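No lab work stands behind these numbers, since they all come straight from the coordinates. Computed from a predicted structure; not experimentally measured. So basically every Cβ, Gly included, is an ideal-geometry build from the backbone, and we count neighbours across all protein chains shown.
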Amino acid sequence: MVGKTKTDLTWQEIEIGGIVPTPGNAAEYKTGDWRSIRPVWDRNRCVKCGICYVFCPDAAIYEDDEGYFEADLFYCKGCGICAHECPTQAIAMVEEEE
Ligand code: SF4
Ligand code: SF4
């Protein structure tokens, strides 16, 4: 394909869309770039139940050495599900700064 422009490609040469060509490659993608709001934890309200961890659809929440939870902002998309599910309202969603 060297030297060909996009318009020179035939349909047989175009990469197939809508598939994951390499299984297990999601860890390489910084999906947190899409986020406009982020979760912020209030440790004074957290009872360490782990519900936020269980409900995060991106598996972006991890438990720290003290048993509290945090979001890995590399992956967190800011959906707010963790804040919605937290039984003690220990998570607030705050706007990302520009
Ligand atoms: S759901 Fe709320 S109380 Fe439970 S671990 Fe997460 S932040 Fe703490
Ligand atoms: S905002 Fe959504 S993606 Fe981010 S940590 Fe909470 S549940 Fe996970």
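Pull up segment 54-71, narrow it to residues that are surrounded by 12 or more Cβ atoms within 10 Å (Cβ to Cβ), in contact (Cβ under 8 Å) with a residue 24 or more places away in the chain and not hydrophobic (A, V, I, L, M, F, W, C), then point me to the one that is nearest to K30 (Cα to Cα).
Within segment 54-71, the match that is nearest to K30 (Cα to Cα) is D58.
When the residues of segment 40-69 are filtered to those that are of a type in the set (G, A, S) and more than 10 Å from ligand 2 (Cβ to nearest atom), which remaining residue is farthest from the chain's Cα centre (by Cα)?
The first filter runs over segment 40-69 and keeps only residues of a type in the set (G, A, S), leaving 50, 59-60, 67.
Within this subset, residues satisfying the condition of being more than 10 Å from ligand 2 (Cβ to nearest atom) are 50, 67.
On the way: G50: 17, G67: 21 Å.
Among those residues, the one meeting the criterion is G67.
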